[in-house]
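Step one of this worksheet: look at the structure below.
The values are calculated or read from the model by the stated rules, or taken from the named source; none is laboratory data. This is a predicted model, so every value here is computed, not measured. Here the Cβ positions follow ideal geometry from the backbone for every residue, glycine too, while neighbour counts run over all protein chains shown. Side chains included, ligands, DNA and RNA excluded: accessible areas come from the protein's heavy atoms. Shrake-Rupley method; radii C 1.70, N 1.55, O 1.52, S 1.80 Å.
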Amino acid sequence: MQPSSAAAEPGGSDIRESPDPRPPSARARGALRAVTTVHAAALFTQAILAGRFLSGDYDMLTAHAVNANVIVTVGLVQVVVAVVYWRRGRGPGRPAAVSAVLLVAEAGQAVLGYQRSLGVHVPLGVTLIAAGLLLLVQVWRPLPPNPVPAAPGDAGSVPGKVPPPGTSPEASRPAQDVS
């Protein structure tokens, strides 16, 4: 990333990095979308397997335990893919952070399940499913447009700031005193 021109101008007090004008890698984003979809499906399947077990199909407890291992494994792959998307693919870092938190919570969830701590295991499971689905929605949502950097010498605009839709760039500039 290039330092902004604020530090090069007289009176510039700090060095800021300008945002990368290139869009995130479509290939890395596609990989993140794929692994997040598989992860969310495995989380949702876990609830189905638990429900079948509670309905009297006791063989589903073994399937529930196997799927817990699948979830943690896919969660680990998701963290790696999300970090690659963030660092090399130039995407946002939020999916990597959320994926890491999910992975830690899923590992704890598996431990709680094996210990039969159902008072914490069940509500945490519901929370994990909700968080996994919210992350799925986030990675499938279109990215916002990249901000247009200010033209050099354009004193009225703020670098990296995009005017609201329906307004012209001139309308967003502060009024200049002509006296």
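Within 14 Å of Arg33 (Cβ to Cβ), out of contact with any Leu (no Cβ under 9 Å at 6 or more places or on another chain) and at pLDDT 95 or above: does that describe Val81?
no
Criterion first (at pLDDT 90 or above and open to solvent by less than 40 Å² (accessible area, probe 1.4 Å)) does Gly12 satisfy it?
no
Regarding segment 102-117, can at least one residue be identified that is polar (S, T, N, Q), open to solvent by 60 Å² or more (accessible area, probe 1.4 Å) and without any contact (Cβ under 8 Å) to a residue 60 or more places away in the chain?
Within segment 102-117, one or more residues are polar (S, T, N, Q), open to solvent by 60 Å² or more (accessible area, probe 1.4 Å) and without any contact (Cβ under 8 Å) to a residue 60 or more places away in the chain.
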